[in-house]
Amino acid sequence: MRASIKRLRLRLGGDDSGFTLTEVVITLFVISAVLLGLVGVQVGALASVALAKERQQATALANRTMEQLRALPYDTVSAGLRTCDTAGDPNIVSGAFKPAYDASINEPIVTNSTACSGAVLAPLYPHVQQGAPTRVGSTQFAVRTYVSKVSATSDQGYFLTVLASWSSANTKGVAKLVAVRSRLYSPVGCSSSSTATRPFAGPCQAFFYSDAGAAPSGITVSSVTSGSTLVNGSDVVRLEAKLPALSARTQNEQIVSAQSVSSTSKLLLKRASETSAGGQSGTSAADTDPATGTGNSPGAASAVSYSGSSTLASSGSSVANFSVSAPAAGTGSAFSTTLATATPACKDDAGASLVTNQACSSADLTPNGTYRATMDINMPGGGVKAVDLASIVTAAGPPAWRSYGARAILPVSGHCTSTSGIGCVSSGARRSLGQATAGVLPTPGSGDAVPTGFSYMAQLNGFSATVASESGISPAVATATRSANTITYWNGAGYSSAALSDAGATYTLGTATGTYRLAGLVALTIQMTGRVVVDPVSMVSSGSAPCRTAACTSTATVGGVQLVVEYNITNDVGAVGSFVVTTDLGNTIAQTTYKAAPSA
């Protein structure tokens, strides 16, 4: 019995022979089959990831191009593609956008006749982008841009389509495509198509505009015959003594901008070439357009000044020499900001600070002295006859000349006093002068003759101008005020006086003749004629609330005064010269515009 049990134990527990070769081969085969299957799955997964990455890149390129399109001005995008750039495009058939990827799309393509030799305007021209800008890694993409009409019969805006296509090893040579579409529409009625105020292809917004300043003015001496010298024997063709100039402007729509300029006096003496002096300018600009690189608000005003002698004179003529002069000193400044705060201050025409937290621009300049044009006539046999052709004297201790423009949401410093909602825009300017005189004869000597009681052809005292304008929600009425003590002018026998008419007027000056003798002979005759032109004062408004169909505008203008005197000079031999002296006090203008957004 024991022997039987021992033999059984040996048979059950003592066999250590292991797997057979067949079992091992079968096992390895099964494992290999599983691993090969996993490799295929991995390779397929990697190919899918690579294709997805390419699709993502194509989508990014298409979206980038679409954003470029939408950042262009509406009028630029709506002009479409250049006709010469669309030939051979498979997606444009018989003047329609018919892409192969969607047979249901059949839209009128928008094109224009601009030459293809013109400047690049990506992504509209060329409308197919290839090469480095659209190559990502080893994959080359082609990005196509299309502008088509929503409706062929009515203005319903435009469809913008961007197609990004490519083929690669991951697509097995099959062309793949990503399409991005957007609808663009800006309703009729935007205040301005200018890219200065609407640089982006977006909807219309409320539009505010202001502009104020003083037009160019001063003394000009020019020949009666264009291009000729003023008198024989002199090479002087023209003289100018310009008064300071001011301007201040703001624009608010999609972007906000403000500009201001303050320019000092300027002299010009024109002979074969021009000689000038003065005319320095202080300029300031601010805007919210990221494309310009201009800051939103400068940290300080731009100063401008001049000092020292300011005279230009001709010399060397045996007949006559001329000169022009301006005040020896003057100071001013210009400031513009898109966010008007207390410091630095943007000031109105009365010098009050405008804290609006909106766009504001201002300019000022204080002249101090006399502007003058003179002629020195060399008499035969010796001696000089000096002539004050014209002069402008600034007021004693003059207040600064100022102009400004500002948008206000709430009433500020007496402007936009009844405004609400999106506010209003205000502008204004003011300036003053002392005395302007034109047409003086040389002081007579023994044997000379001038009209009895004659001193000048015309003289204006105490000229000043103030203008103000507002547009927007509850704007004020435009105002324009001109004051002057008197205008006095030679009537041929004596002097007449008149107050300046707001309606404007023209006064004809009487003839004044001076004769100057040498050794009993008439050596020189100076004869003057002329006129005084008074431009009108006007306050013009157009449009009506809510200023949506048509813009509401307001303009206040104080017209200038021109003292025009013609000199005709002769001697015993004949004509010496003929020229016109114009003393122009210039216009002072303030204007504003407001237009509500069409959908407001």
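Computed from the coordinates by the stated procedures, all read-outs in this text should not be read as laboratory data. Please read all numbers here as calculations on a predicted model, not as lab measurements. Neighbour counts run over all protein chains shown; Cβ positions are idealised from the backbone, glycine included.
Note that the stretch 371-377 has calculated 3J(HN,Hα) couplings of 9, 8, 10, 10, 9, 10, 8 Hz, one per residue in order, obtained from phi through the Karplus relation 6.51 cos²θ - 1.76 cosθ + 1.60 (θ = phi - 60°); glycine and proline are x. Highest-first packing order for the peptide set 108-118, 311-321, 229-239, 207-217 is 207-217, 229-239, 311-321, 108-118, based on the mean count of other beta carbon atoms within 10 Å.
The angle between the Cα long axis of helix 21-71 and the longest principal axis of the Cα atoms of the chain comes to about 10 degrees, rounded to the nearest 10.
Ranking of S148, S497, S483 by neighbouring Cβ atoms within 10 Å, starting from the fewest: S497, S483, S148.
In sequence order, the stretch 539-555 has phi-based couplings of 9, 10, 10, 9, x, 9, 4, x, 6, 9, 6, 10, 5, 9, 10, 9, 9 Hz under the Karplus curve 6.51 cos²θ - 1.76 cosθ + 1.60, θ = phi - 60°, and Gly or Pro positions carry x. Packing-based ranking of 64-73, 83-92 yields 64-73, 83-92, ordered from highest to lowest mean Cβ neighbour count within 10 Å. Please give every one of the aspartates and glutamates within straight-line cross-link reach of K172, meaning a C-alpha to C-alpha distance under 20 Å, and leave out same-chain neighbours fewer than 8 residues apart. Straight-distance partners of K172: E54.
Roughly what angle does helix 2-13 make with the longest principal axis of the chain, taking Cα atoms, 0 to 90 degrees, to the nearest 10? With rounding to tens, the tilt is 30 degrees. When volume of the Cα convex hull per residue in Å³ is computed from the coordinates, the matching label among [x] 310; [y] 292; [z] 345 is [x]. Sequentially through the stretch 202-219, phi angles give Karplus couplings (6.51, -1.76, 1.60; θ = phi - 60°) of x, x, 5, 10, 4, 10, 10, 9, 9, 7, 8, x, 10, 5, x, 8, x, 10 Hz, Gly and Pro residues having no value and appearing as x.
Measuring between alpha carbons in the structure, the pairs from K149/K176; K270/K385; K266/K385; K53/K149; K266/K347; K242/K385 lying more than 28 angstrom apart are K53/K149. The distance linking the stretch 197-229 with the stretch 544-600 is 11 Å (Cα centroid to Cα centroid, whole angstrom). Amide hydrogen proximity for C346: with H placed 1.01 Å from N in the peptide plane, the residues at 5 or more positions away or on another chain lying under 5 Å are T341, L354.
Protection proxy ranking, highest mean first, for peptides 159-165, 379-385: 159-165, 379-385, where packing is the per-residue count of other beta-carbon atoms within 10 Å, averaged.
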